[in-house]
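The structure appears right after this line, and notes come after that.
The values are calculated or read from the model by the stated rules, or taken from the named source; none is laboratory data. All values reported here derive from a predicted model rather than from experimental measurement. Here the Cβ is made from the backbone with ideal geometry for all residues, glycine too, and neighbour counts use every protein chain on show. When the accessible area is computed, the model is the full protein with side chains, heavy atoms only, and any ligands, DNA or RNA have been set aside. Shrake-Rupley method; radii C 1.70, N 1.55, O 1.52, S 1.80 Å.
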Amino acid sequence: MPKDEIERQFSGVIGEGYEIHKLICPNAVKMRSRIGSLVGSFDSSHRSGPVSVVEIGCGSGWATMPILESREDLRVVAIDNEPTMLSQAETTLAHWLETGRISLIEADAVSAVAEMPSESIDIVASVYVIHNLLKSYRSSLIRDVFRLLRPNGLFLNGDRYALDDIHAHTEVMQREARHYIKTLSSLGRYDLIEEWITHLFSDENPDRIMRETTAISEMKDAGFRDTKILFRDEIDALVHAMK
Ligand SMILES: C[S@@+](CC[C@H](N)C(=O)[O-])C[C@H]1O[C@@H](n2cnc3c(N)ncnc32)[C@H](O)[C@@H]1O
């Protein structure tokens with residue numbers, strides 16, 4: 001993987017003050033719990049042994065938690081390439097780390113997945129990560145997630161999927177920018193306004209933007225079936241795909 005495609009966007013103040021994300025993105029809390037419920041209802045009756053989950057970009061562990069709580073028969077490997085975020089995950093998941101049901105890997109997602117055997121994992125889940133990736137890096141990751149999954153395996157991505165309608169999308173972005181500025185100013189976190197607004201608009205870069213139809217077709221091209229949006233609220237969407 002070329003080094004310039006591996007980025008670390010959460011190493012500065014955004015990562016250090018990541019708890020603010022719950023306030024600027026209220027849908028994220030619902031998204032994480034939806035992902036947990038879907039993992040909980042995954043049908044594993046066709047096989048024996050624990051259900052294996054790989055989480056891409058676990059950050060502070062806020063989605064990892066509902067995933068772990070969703071069922072007993074679960075083993076999770078959570079990957080993130082940002083030490084600041086992983087140290088928060090160690091705190092959030094302290095109890096679960098003791099149970100041995102979760103391991104944390106510090107690595108970029110493409111490199112970590114590339115080392116995992118084909119058809120070895122039941123579920124790959126990710127929350128608010130894949131939209132951040134450059135398109136070429138994202139394509140490699142999607143193809144390798146397909147390789148990693150067992151037949152009938154499930155890929156769940158709760159993320160920011162840009163609207164196909166560019167005018168509607170721009171309006172949503174304007175509303176979001178206003179909401180970020182209002183929320184961060186009301187908390188006196190003026191230091192974070194520039195960082196989060198810059199981050200918000202870096203997702204709009206043509207090398208990065210993850211537009212719904214293009215993203216779904218890319219998943220189909222990689223081999224996924226039953227690829228659909230289970231939930232959407234403005235820019236936040238939960239995408240489901242099966243191998
Ligand atoms: C917006 S945060 C989301 C964190 C978490 N999933 C959540 O629900 O809050 C994005 C996370 O993805 C991680 N990340 C970004 N690019 C990555 C990559 N190429 N490989 C591994 N982790 C990555 C970042 O370090 C960060 O922790």
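Quick notes on this structure:
- Compactness of the range 149-217 - radius of gyration and Dmax, Cα, Å: 15.5, 50
- Each of Y137, A215, A114 was scored by the projection of its Cα onto the charge dipole of the chain, and the greatest displacement toward the positive side belongs to A215; charges sit on the C-beta of Lys, Arg, Asp and Glu.
- Computed from label points 7 Å out along Cα-Cβ, the spacing between T170 and Q9 is 2.1 nm.
- Estimated [θ] at 222 nm from DSSP helical runs (n ≥ 4, -39500 (n - 2.57)) normalised by residues in the chain, nearest 500: -13000 deg cm²/dmol
- Plainly put, the range 1-156 has a radius of gyration that is 0.94 times its Kirkwood radius, both from alpha-carbon atoms, as the Rg/Rh ratio.
- FRET E, pair V29, K228, Förster distance 25 Å, beta-carbon r, rounded to 0.05: 0.65
- Taking all protein chains together and rolling a 1.4 Å probe, H95 ends up with roughly 110 Å² accessible.
- Relative contact order [Cα under 8 Å, 6+ residues apart], the range 143-210, whole percent: 27 percent
- Accessible carbon and sulfur surface of the chain relative to its total accessible area, %, 1.4 Å: 53 percent
- From the alpha carbon centroid of the range 154-171 to that of the range 81-128 is 25 Å.
- Highest-first packing order for the peptide set 164-170, 147-153 is 147-153, 164-170, based on the mean count of other beta carbon atoms within 10 Å.
- Ranking I105, G153, A168 by Cα position along the charge dipole of the chain, where only Lys, Arg, Asp and Glu carry charges on their C-beta atoms, puts G153 farthest toward the positive end.
- Per residue, the accessible area of the chain comes to 44 Å² when a 1.4 Å probe rolls over the protein heavy atoms.
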